[in-house]
Amino acid sequence: MIRKIFYNIILNKSVKLLFVNLSSKRKFQFYILTALFIVQSFAELLSIGSVIPFITAISRPTFLLEEINKYQFLKNIIYLQTENQIILFSFFLFIFLITLSALIRTLTLHATFKISLMAGYEVSLLIFNKIINQNISYFYKNDSSQITSFITTKIQLSSECLLHYFSILYNIILIIIIFAALILVNPLFTLLVFSFFLILYFIIMFWFKRIIEKNSYNMAKNDTSII
């Protein structure tokens, strides 16, 4: 079930073409990386959310202390009695969450680059082996500059494609998690803000989609002409 959702929803059309030709090890790494994106998104949300208690602790420590004392489970977990204690606790909690978020982000970036490059390597090796083992008639029928361009340049773009795709995937997951958190706080305001940005996004996408497709085609065509 999870695999089906990952394949049909998370992967777009271009990435599917790469994904189906990858090894089982690389596919498993894709799943792990997606899980890391979710963990990182929650870490980012916690680090952002910790700013408010930290500022409140500095500006109004008495108020925050009174709020904690209202809830018995918080009193049992957090034993704070003075304003200095609440300030110090908020400061160390803020630093801890920021550091944790940075460490997870570093790990995720490292995994993203490594998986993207290794996936690109696998695809390039597969295509090169397939081309080099073609019958001699294949090379007579096809333009050599086009084959050379495909092997040397266009295959390398698969790694870049995955890097950009992973960046988009992470931001989508982050937006969904932030949206869900804000809905719990203020549903009406959140819906209005997200609706505005969603409409703006589709306008920009519609406006630039044809330009980007045209430029991509020209880049691919001219690269072959240069070689």
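Structural remarks
- Checked against (1) open to solvent by less than 50 Å² (accessible area, probe 1.4 Å); (2) in a helix (DSSP H, G or I); (3) modelled with pLDDT under 80, Leu36 meets all criteria but (3).
- Ser144 vs. criteria polar (S, T, N, Q) and under 25 Å from Lys16 (Cβ atoms): no
- Filter pass, Ile95 being among the aliphatic types (A, V, I, L, M) and either under 30 Å from Met219 (Cα atoms) or at pLDDT 80 or above (or both): yes
- Unmet criterion (only one of (1) surrounded by 15 or more Cβ atoms within 10 Å (Cβ to Cβ); (2) of a type outside the set (S, T, N, Q); (3) more than 29 Å from Leu33 (Cβ to Cβ)) for Lys141: (1)
- Scan of region 171-219 for residues that are touching a Leu at 6+ places or on another chain (Cβ under 9 Å) and either at positive phi or touching a residue at least 24 places away in the same chain (Cβ under 8 Å) (or both), ordered by number: Leu174, Ile177, Ile178, Ala181
- Of residues in region 111-164 being part of a loop (DSSP other than H, G, I, E, B) and of a type outside the set (S, T, N, Q), the one farthest from Lys25 (Cα to Cα): Asp143
- Residues being assigned to a helix (DSSP H, G or I) and free of Cβ contacts under 8 Å to residues at least 24 places away in the same chain - total across region 16-30: 7
The values are calculated or read from the model by the stated rules, or taken from the named source; none is laboratory data. This one's a predicted model, so the numbers in the text were calculated from it and none came from an experiment. Every residue, glycine among them, receives a Cβ derived from its backbone with ideal geometry; neighbour counts consider all protein chains shown. Areas reflect the complete protein model, heavy atoms only, side chains present, ligands, DNA and RNA absent. Shrake-Rupley method; radii C 1.70, N 1.55, O 1.52, S 1.80 Å.
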